[in-house]
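The values are calculated or read from the model by the stated rules, or taken from the named source; none is laboratory data. Model, not experiment: these values are computed from the prediction. No Cβ is skipped: glycine too gets one built from the backbone with ideal geometry, and neighbour counts run over all protein chains shown. The protein model used for the area step is the full one, side chains on, heavy atoms only, and it has no ligands, DNA or RNA in it. Shrake-Rupley method; radii C 1.70, N 1.55, O 1.52, S 1.80 Å.
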Amino acid sequence: GQRTEYRFLRNDNTVRYIESVGSVIKDRFGNPEKVLVIARDITEHKERENALQESELRYRTLLEQMNEGVLQVDTRDVILYANTRICEMIGYKQEELIGNIGYKLIVLPEDWDTLLSKNTLRSKGISDSYELRMKKKNGDIIWVQISAAPVYSASGTIIGSVGIHTDVTEQKRTGEQDRKSTRLNSSHRT
């Protein structure tokens, strides 16, 4: 049968959504004899669907407008989501990141053990913060502070993790310059 949705405006000015399915009933000779239409009120379902879409839009807007980078990965570190800011930070487009193994693409091999040990914490349901170096598409290295948390399925199973990435390269450089200056000043005093 043919499925159709309608919106009806009731006398009280409320809108109701109706879904109908119609079928043609034929006589014993195959000629159309009757039309059977079954209709049901799907207003509550449509309202939940619309609310979910609005919530999803607000969530996506928030993630895309953040000043920090966001990466979501599955339990194998395959990138599932990358917001605009993380793409700007490391010079990749979203489509270049999504589907790739995160640590192999953007983390220095010397930092793989750090990242993988942190991912083990996530598999145990533990959130934490740490710093590591990331390799930009152009080869430059940046330092990032990552605040990471496990991501759960609706049934409560850990299905990956999400990390908020803040570029701390300038703070690292400033801190290193301050330490060099302090060492230099203390060596001149002796």
Can you give the relative contact order of region 1-89 as a percent, counting alpha carbon pairs under 8 Å and 6+ residues apart?
17
In whole percent, what relative contact order does the chain give with Cα contacts below 8 Å and a gap of six or more residues?
14
Taking the Cβ of F8 as the center, what net charge do the other residues with Cβ under 10 Å away carry, scoring Lys and Arg +1 and Asp and Glu -1?
+2
For peptides 1-11, 82-92, sequence by mean Cβ density within 10 Å, most packed first:
82-92, 1-11
Among I38, I142, C87, flag the residue with its Cα farthest along the positive direction of the charge dipole of the chain, charges on Cβ as +1 for Lys/Arg and -1 for Asp/Glu.
I142
Shape category assigned to the chain from the gyration tensor of Cα positions, a/c cut at 1.5:
prolate
Sorted by chain and number, the residues with a modelled amide H under 5 Å from that of L132, at a separation of 5 or more or across chains, are V144, I146
Work out from phi, with θ = phi - 60° and the Karplus expression 6.51 cos²θ - 1.76 cosθ + 1.60, the ³J(HN,Hα) of each residue of region 27-32, listed in order in whole Hz, and give x for Gly and Pro.
7, 5, 9, x, 8, x
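Can you compute the charge dipole magnitude of region 65-107 about its Cα centre, using +1 on each Lys and Arg Cβ and -1 on each Asp and Glu Cβ, nothing else charged? Give it in debye, rounded to the nearest 20.
About 60 debye.
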For the chain, calculated [θ]222 nm from helices alone, where every DSSP H run of n ≥ 4 adds -39500 (n - 2.57)
-12000 deg cm²/dmol
Net charge near L105: determine it from the other residues with C-beta under 14 Å of the C-beta of L105, scoring Lys and Arg +1 and Asp and Glu -1.
+3
Accessible area per residue of the chain at 1.4 Å probe, in Å²?
68
Tell me whether region 21-68 comes out rounded, prolate or oblate; compute the Cα gyration tensor, take square roots of the eigenvalues as a ≥ b ≥ c, and use a/c under 1.5 as the rounded threshold.
prolate
Evaluate the distance, in nm, between pseudo-label points positioned 7 Å from the Cα of T4 and of S155 along their respective Cα→Cβ axes.
4.1
Among 59-69, 162-172, the order from most to least packed when residues are scored by Cβ within 10 Å on average:
162-172, 59-69
What angle do you read, to the nearest 10 degrees and between 0 and 90, between the alpha-carbon axis of helix 112-123 and the longest principal axis of the chain?
40
Dipole magnitude of region 13-133 about its Cα centre, charges +1 at Lys/Arg Cβ and -1 at Asp/Glu Cβ only, in debye to the nearest 20?
500
Just to confirm a number: summing +1 for Lys and Arg and -1 for Asp and Glu over residues other than N119 whose beta-carbon lies under 15 angstrom from that of N119, what do you get?
0
Would you mind checking which residues have amide H under 5 Å from V70's amide H? H placed 1.01 Å from N; only 5 or more apart, or other chain.
N83, R85, I86, H165
Skipping prolines and chain starts, which residues have an amide H placed within reach, meaning under 5 Å, of the one on Y92, given they are 5 or more residues away or on another chain?
K137
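Holding the Cα-Cα limit at 25 Å, pick out from K93/K124; K104/K172; K118/K172; K137/K172 the pairs that are longer than that.
K93/K124
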Return one number: the angle in degrees, 0 to 90 and rounded to the nearest 10, between the long axis of the Cα atoms of helix 169-189 and the longest principal axis of the Cα atoms of the chain.
10
